[in-house]
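Report on the following structure.
The values are calculated or read from the model by the stated rules, or taken from the named source; none is laboratory data. Predicted, not measured: the structure shown is a model, and the values here were computed from it. Neighbour counts are summed over all protein chains in view; Cβ atoms, including those assigned to glycine, are modelled from backbone coordinates with ideal geometry.
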Amino acid sequence: MLPSSPTILFDGVCNLCNGFVQFVINHDPKSYFRFASLQSEAGQEVLSTHGLPTGHFKSVLLVENGQLYTRSAAALRIVRRLSEGWSLLYALVLVPPFLRDPLYDWVSRNRYRWFGRQESCMLPTPALKARFLS
């Protein structure tokens, strides 16, 4: 079952992914997005429902309007909702996925080496807890 509100699913132990979530939170003044780690029960359910690997995470996922988006499509759909001019990056949607996704995949493959990883998923502050699915 897909979450009913726009939800970003991310690798909870990836420092780059956690930084991206913090970036989105800071540039999402209308609190449009909710969040769940891919390791969480909600994240695992979305992965299983769509036949995606439940133990190896390659992409940030976005569930929006009943659709599941992955890779560069998810990232671009996320930035289009952000403030301070970040939504202008959505224009990159004009670049075909066969050109965008290899760059996304390259960063994904190297993210732990470049940015590191945590031993466990981040815990949201009490103020942000309502935006995270359990």
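Some points to look at:
- Among residues of the range 95-134 being modelled with pLDDT of 75 or more and small (Gly, Ala, Ser), the one that is nearest to the chain's Cα centre (by Cα) is 108.
- Residue list for the range 76-134, filter: in contact with a strand residue (DSSP E or B) (Cβ under 7 Å, 6 or more places away or on another chain) and either loosely packed, with under 10 Cβ neighbours inside 10 Å or aliphatic (A, V, I, L, M) (or both): 78, 133
- Single match in 55, 66, 19 (criterion: surrounded by fewer than 17 Cβ atoms within 10 Å (Cβ to Cβ), at pLDDT below 95 and at positive phi): 66
- Leading residue by the ranking (nearest to the chain's Cα centre (by Cα)) among those in the range 53-74 that are touching a residue at least 40 places away in the same chain (Cβ under 8 Å) and over 19 Å from residue 5 (Cβ atoms): 59
Listed here are the residues, each with its yes/no results for (1) in a helix (DSSP H, G or I); (2) aliphatic (A, V, I, L, M).
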position	(1), (2)
17	yes, no
39	no, no
44	yes, no
89	yes, yes
100	yes, no
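- Of the listed requirements (1) in contact with a Pro (Cβ under 9 Å, 6 or more places away or on another chain); (2) of a type outside the set (Phe, Trp, Tyr); (3) more than 22 Å from residue 26 (Cβ to Cβ); (4) in contact (Cβ under 8 Å) with a residue 60 or more places away in the chain, residue 47 misses just one: (4).
- If you check 81, 111 for being in a helix (DSSP H, G or I) and touching a helix residue (DSSP H, G or I) at 6+ places or on another chain (Cβ under 9 Å), only one passes: 111.
- In the set 50, 27, only one residue is touching a strand residue (DSSP E or B) at 6+ places or on another chain (Cβ under 7 Å), of a type outside the set (A, V, I, L, M) and under 26 Å from residue 4 (Cβ atoms); that residue is 50.
- When the residues of the range 75-118 are filtered to those that are of a type in the set (S, T, N, Q) and free of Cβ contacts under 8 Å to residues at least 12 places away in the same chain, the one that is farthest from residue 8 (Cα to Cα) is 110.
- Flag for residue 133 being in contact with a helix residue (DSSP H, G or I) (Cβ under 8 Å, 6 or more places away or on another chain) and of a type in the set (A, V, I, L, M, F, W, C): yes
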